[in-house]
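One structure below.
We did not get these values from a lab; they are worked out from the coordinates using the rules stated. Only a predicted model underlies this, so the values are computations on that prediction, with no experimental measurement involved. Every residue, glycine among them, receives a Cβ derived from its backbone with ideal geometry; neighbour counts consider all protein chains shown.
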Amino acid sequence: MTRRTTALSASVALAAALALAGCSSDGGKPELKVSGAYMPQPVTDMAGGFLTIENAGDTADKLTSVTSPLSDDVTMHETKNQKMQMVKAFDIPANGELKLARGGNHLMFMELKKKPKQGEKVSVELHFEKADPITVELPVEATNHNPQQH
Ligand SMILES: [Cu+2]
């Protein structure tokens, strides 16, 4: 008798939990917009990539991978104590932004299939945990280009 009551209340609790989860999962979507993308003209067979991803949505997202025809090996790096470290993903906070910039977080292109020159563009596809992929054309800028220095 006691056992049956417990099972019943447990299933009620489960149903309530499911309803709650269902409610919060359609509470919004990430709304991503990419700006300020560029690649400094590479001097070796590797290159960096920089951009800003704004999230106007109420839901956080993550940049989980990056692909490009320029390289089969594109990774995400953070810079800590002036050392580069590979990370699995970058957080894109809700109503916030992910900023990739010189001296900090960046995209890393290894074993370039060709060396793009200033004025050319490099196509990159950004993949996210939640949002649909976004394709961005990175204009190739001078090797020492840095939009933060004015
Ligand atoms: Cu790096």
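In the range 33-68, which residues are outside any strand (DSSP E or B) and among the small types (Gly, Ala, Ser)?
Here is the first cut: in the range 33-68, the residues outside any strand (DSSP E or B) are 41-46, 56-60.
Passing the criteria: Ala56, Gly57, Ala60.
Residues to consider are Pro93, Pro133, Pro116; find the one that is more than 16 Å from the ligand (Cβ to nearest atom) and over 18 Å from the mean Cα position of the chain (by Cα). Walk me through it before giving the result.
Details: Pro93 fails: over 18 Å from the mean Cα position of the chain (by Cα); Pro133 fails: over 18 Å from the mean Cα position of the chain (by Cα).
Step by step, each of Pro93, Pro133, Pro116 is checked, and only Pro116 is more than 16 Å from the ligand (Cβ to nearest atom) and over 18 Å from the mean Cα position of the chain (by Cα).
Name the residue, out of Thr75, Thr59, that is farther than 15 Å from Ile134 by Cα, within 16 Å of the ligand (Cβ to nearest atom) and out of contact with any Asp or Glu (no Cβ under 7 Å at 6 or more places or on another chain). Break it down into steps so the answer makes sense when it comes.
Details: Thr59 fails: within 16 Å of the ligand (Cβ to nearest atom).
When all the criteria are applied, what remains is Thr75.
Which of the residues that make up the range 83-135 are assigned to a strand (DSSP E or B), touching a residue at least 24 places away in the same chain (Cβ under 8 Å) and basic (Lys, Arg)? Walk me through it before giving the result.
Within the range 83-135, the subset assigned to a strand (DSSP E or B) is 83-87, 90-92, 96-99, 106-110, 121-128, 134-135.
If we keep only those that are touching a residue at least 24 places away in the same chain (Cβ under 8 Å) too, we end up with 84, 90-92, 96-99, 106-110, 122-128, 134.
Selection gives Lys99 alone.
State whether the residues of the range 48-60 include one that is over 19 Å from Gly36 (Cα atoms) and exposed (fewer than 14 other Cβ atoms within 10 Å of the Cβ). Quick ask: steps written out before the conclusion?
So in the range 48-60, the residues over 19 Å from Gly36 (Cα atoms) come out as 57-60.
Remaining after also requiring exposed (fewer than 14 other Cβ atoms within 10 Å of the Cβ): 58.
Within the range 48-60, one or more residues are over 19 Å from Gly36 (Cα atoms) and exposed (fewer than 14 other Cβ atoms within 10 Å of the Cβ).
Filter the range 69-82 down to the residues that are assigned to a strand (DSSP E or B) and of a type in the set (A, V, I, L, M) and list them by number.
First pass over the range 69-82, keeping only residues assigned to a strand (DSSP E or B): 71, 73-80.
Within the range 69-82, Val74, Met76 qualify.
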